[in-house]
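FYI, it's all coordinate maths here, none of it is from the lab. From a predicted model like this one, the values you see are computed outputs, not experimental measurements. Backbone-built Cβ (ideal geometry, glycine too); neighbour counts: all protein chains shown.
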Amino acid sequence: MSDAGRTLLSRLLRLESRFTWDLKKKDLDLEGLSTRLQEQIDLGVGQQSAIANSYSFLAYVRYLQGRPEEAASLLSQSEEKTRECFGEESERRLIVTYGDLAWLSYHSGDFTQSDTYCRRVEDILVKYPTGSPTVLHPEVYGEKAWTFLKFSMLYYPKAIICFRKALELQPDDSEWNTGYAIALYRTEWIDPETFLEAEETPAVKQLRRASEIDPDDAVLLALLALKLSFYKKHQEAESLMERVLEIGPDSPHVTRYVAKYLRQQGQVDRSIDLLQRVLQRSSQSAFIHHQLALCYKTKKMALLNRKPYCNQEMQRLRRLCTHHLEEAVRLKPSFIFAIAELALMYAEDKDMSRAEKLFQEALEMALEENNDSTCQFVHLCYGQFHQYHTRQEDLAITHYTKGLLFTVEMPGGKLCAQKLKQIAERRLSRDANDSEALGLLGLVSRAEGDRRRAVLYYEKALERDLDNDQYLSALCELRLDLK
């Protein structure tokens, strides 16, 4: 590389750009993200600046897909949309776009054009200094945050950090408050049974804050309603959902959340009607297909509890559930929850080899993603697969135990604990001296925080299996904790 080339590369590396944000291609479902970004552009989802960001982010995806000409065209459209939206105030909003254009030109071999875009960025930074080389403009923090939020679940913590930095500089900005609220909504988990009614979680507080700044944002109101419903504040949640339907009755991006709320409130048929309407306008949405699958699964479980039930209707619901899960996975191959649920549907259809293959894929992806709730859900489904379909109870126990060890407070953890209790209690009803069953109850009690009960179970297990190192070790640790 020539001296001029090395100098240009050094300048490029100092730019704020998606090419310098360490976005790893292996963490990305290119086709799925491409579909979602195009859908957001087509439907006009979000504020005008968000749509401009979608153009520039889609350009980066097109570059990764080996389509640089499309990438350049999309970046030009992003610049145009930004100027339309912000006029004379658009320059700081274009720092990242010009950085992306500089990198794209460099990779295309057009060093002259790359240098031109570098100069544009450098001129903006001189014109609008931040006062510190380590502080970015809020517009850059914001675009960086949105990129992390849309890129992958693995990048949600980075998105939260960037939104916070943007808000430190512009605390009343509607866009940064909205993004921060969505990021907290997606990452926050607090057990509703231990949630104090007098308090509000950080996500609820931020959703309220963002809604106060932009009271007509139906998505924010819908997310707030879902959170409040989760924490059993049903009256306020219902009122918010009525307001949501007034603001955005025809928006697919809004009605999908309304449909989720309705399903959770037991209004499954109404939820299906809404989702089917949304699907007519947004057929490439993995989220919509997944929500429909959950609706049909709910109807299937309700039918199963009615005996005798119509076998023909059961088969119809299974087919619909399987179809929508297959569509969700086709549209988003990294949709781990849908993959695990689809594996269970294949098991119901007696296709064990296909189910096993999907479970292995889901587990591998979940472990790579390193997200507790995702790993827990896969282990829960895998345990159900072995308990009810392969009839290998030991393998079921293995997966329920692995799921339990993440955290018992999350829904998946509670279900794993429930399954282990059922297995243990059934075994003890047949044989009161079953040491493994007593050990399982000790494990569950310990995970639930009831150490004294766990000690009693482990003591009973050791009385029946004197040389079990696992029970002895657990008992020693519990006694030390109690001291």
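Got the relative contact order for the chain handy, in percent, Cα pairs under 8 Å and 6 or more residues apart?
7 percent
Kirkwood Rh, Cα Rg: Rg to Rh for the chain?
That ratio equals 1.03.
Using Cβ counts within 10 Å as a stand-in for footprinting exposure, how do Met410, Met352, Met345 rank, fewest first?
Neighbour counts put them in this order, fewest first: Met352, Met410, Met345.
Calculate the FRET efficiency for Asp273 and Ser2 from the Cβ-Cβ distance with a Förster distance of 51 Å, rounded to the nearest 0.05.
The formula returns an efficiency of 0.20 here.
Give me the number: length gained by fully extending Gln170 to Lys350, i.e. 0.36 nm times residue separation minus the C-alpha to C-alpha distance, one decimal in nm.
Answer, rounded to one decimal: 59.1 nm.
Multiply the residue separation of Asp450 and Ser76 by 0.36 nm, subtract the distance between their alpha-carbon atoms, and state the gained length in nm to one decimal.
128.6 nm
Taking the Cα centre of each part, how many Å lie between segment 98-149 and segment 336-387?
Segment 98-149 and segment 336-387 have Cα centres separated by 42 Å.
With a cut-off of 14 Å, note down the residues of segment 87-119 whose backbone N falls inside the zone around a label point 7 Å from the Cα of Thr130 toward its beta carbon.
92-96
Note the full-extension length gain between Lys307 and Asp110 as 0.36 nm times their separation in residues minus their Cα-Cα distance, in nm to one decimal.
Length gained, Lys307 through Asp110: 63.8 nm.
Just tell me which lysines come within less than 25 Å, Cα to Cα, of Lys307; anything on the same chain fewer than 8 places away is out.
Lys297, Lys299, Lys350, Lys419
Expressed as a fraction of 2.2 N^0.38 Å, the rule-of-thumb size for a compact globular protein of N residues, what is the C-alpha radius of gyration of segment 360-467?
In units of the globular-protein estimate, segment 360-467 measures up at 1.09.
For segment 1-29 and segment 411-483, what is the separation of their Cα centres, given in Å?
First find each Cα centre; the distance between them is then 54 Å.
For segment 3-181, what mean projected area does the convex hull of the alpha carbons give, in nm²?
10.1 nm²
Could you give the dipole magnitude of segment 338-451 about its Cα centre, charging the beta-carbon of Lys and Arg +1 and that of Asp and Glu -1, in debye to the nearest 20?
380 debye
Of the chymotrypsin sites (Phe, Trp or Tyr not before Pro) in segment 270-321, which ones lie in a loop per DSSP and count no more than 15 other C-beta atoms within 10 Å?
Tyr309
Rounded to the nearest 0.05, what FRET efficiency is calculated for Lys357 and Glu393 with R0 set to 25 Å and r the Cβ-Cβ distance?
E between Lys357 and Glu393, to the nearest 0.05, is 0.70.
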